[in-house]
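Enquirer: Pasting in a structure now, in structure tokens, and then I'll have a few things to ask.
The values are calculated or read from the model by the stated rules, or taken from the named source; none is laboratory data. In this text, all values refer to a predicted model and were calculated from it rather than measured experimentally. Ideal geometry is used to build each Cβ from the backbone, glycine not excepted, and the neighbour counts take in all protein chains shown. Heavy atoms of the whole protein, side chains included, go into the accessibility calculation; ligands, DNA and RNA do not. Shrake-Rupley method; radii C 1.70, N 1.55, O 1.52, S 1.80 Å.
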Amino acid sequence: QKNPNKGNILAAQATYQESELKQVLLQKDMAMTMAGLQDVLFANHEHAVTLKQQLLPQANKLLKQIIDGYQHGQYSIIEWLDAQKMQFELQQESINAHNQIYLGLLELERLSGQALLKQVGVNNDQYN
């Protein structure tokens, strides 16, 4: 005896299998996207730490030395301005790195549906 709904049943099974495959592909795509975002976050964090711990202190020290040297006639105003410009550019780079960190965290929150900033206890003083 033939089932009159056999065609409908097969079509429903095929639709179900298709939706399962799409879901698996979507999950893999999301996992790859999140892994890429995580890599960018780590790179931006390392850059921000390097700026804070190494480059900005060196730029501040250099600027102070050049100001002192300028007052004693050892450096020109151009060298002073160059040191100020370098310090400003490093500060801007630090701001940009932090901005990228927060944007990345917000994107991870959006994709995961979880409040990551509260979970990790982000402290703004860590980078200032």
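Enquirer: Cross-link partners among lysines for residue 52, C-alpha distance below 29 Å, same-chain residues fewer than 8 apart left out?
Expert: Qualifying lysines at Cα under 29 Å: 61, 64, 85, 118.
Enquirer: Follow-up. Could you give the angle, 0 to 90 degrees to the nearest 10, between helix 6-50's Cα long axis and the longest principal axis of the Cα atoms of the chain?
Expert: Helix 6-50 sits at roughly 10 degrees to that axis.
Enquirer: Return the distance in nm (one decimal) between the two label points of a simple spin-label model at residue 88 and residue 30, each offset 7 Å from Cα along Cα→Cβ.
Expert: It works out to 4.6 nm between the two label points.
Enquirer: Let me spell out the model: positive unit charges on the Cβ of Lys and Arg, negative unit charges on the Cβ of Asp and Glu, origin at the Cα centre of region 47-100. What dipole size does that give, in debye rounded to 20?
Expert: 160 debye
Enquirer: Further, regarding this structure: Charges on Cβ only, +1 for Lys and Arg, -1 for Asp and Glu, centred on the Cα centroid of the chain; of 81, 27, 38, which one is farthest towards the dipole's positive end?
Expert: Farthest towards the positive pole: 27.
Enquirer: Let me ask another. Tell me the net charge near residue 34. Cut-off is 13 Å between Cβ atoms, residue 34 excluded, with +1 for each Lys or Arg and -1 for each Asp or Glu.
Expert: -2
Enquirer: A further question on this structure: Which FRET efficiency value, to the nearest 0.05, is calculated for residue 54 and residue 115 with the Förster distance at 35 angstrom and r the Cβ-Cβ distance?
Expert: 0.65
Enquirer: Quick one: if you stick a label point 7 Å off each Cα along the C-beta vector at residue 20 and residue 65, how many nm between them?
Expert: 6.8 nm
Enquirer: Which value, in debye to the nearest 20, gives the size of the charge dipole of region 2-119 about its Cα centre, when Lys and Arg are +1 and Asp and Glu are -1 at the Cβ?
Expert: The calculated dipole for region 2-119 is roughly 560 debye.
Enquirer: Would you indicate which of (i) 53; (ii) 20; (iii) 39 is the value of percent of Cα pairs over 26 Å apart derived from the coordinates of this structure?
Expert: Structure-derived value, by its label: (i).
Enquirer: When the helices in the chain are scored as -39500 (n - 2.57) per DSSP H run of 4 or longer and the sum is shared across all residues, what 222 nm value do you end up with, to the nearest 500 deg cm²/dmol?
Expert: Taken over the chain, the calculation gives -28500 deg cm²/dmol.
Enquirer: I've got another one for you. What figure in square angstrom, to the nearest 10, would you give for the accessible area of residue 20 with a 1.4 Å probe?
Expert: About 80 Å², ignoring ligands and nucleic acids.
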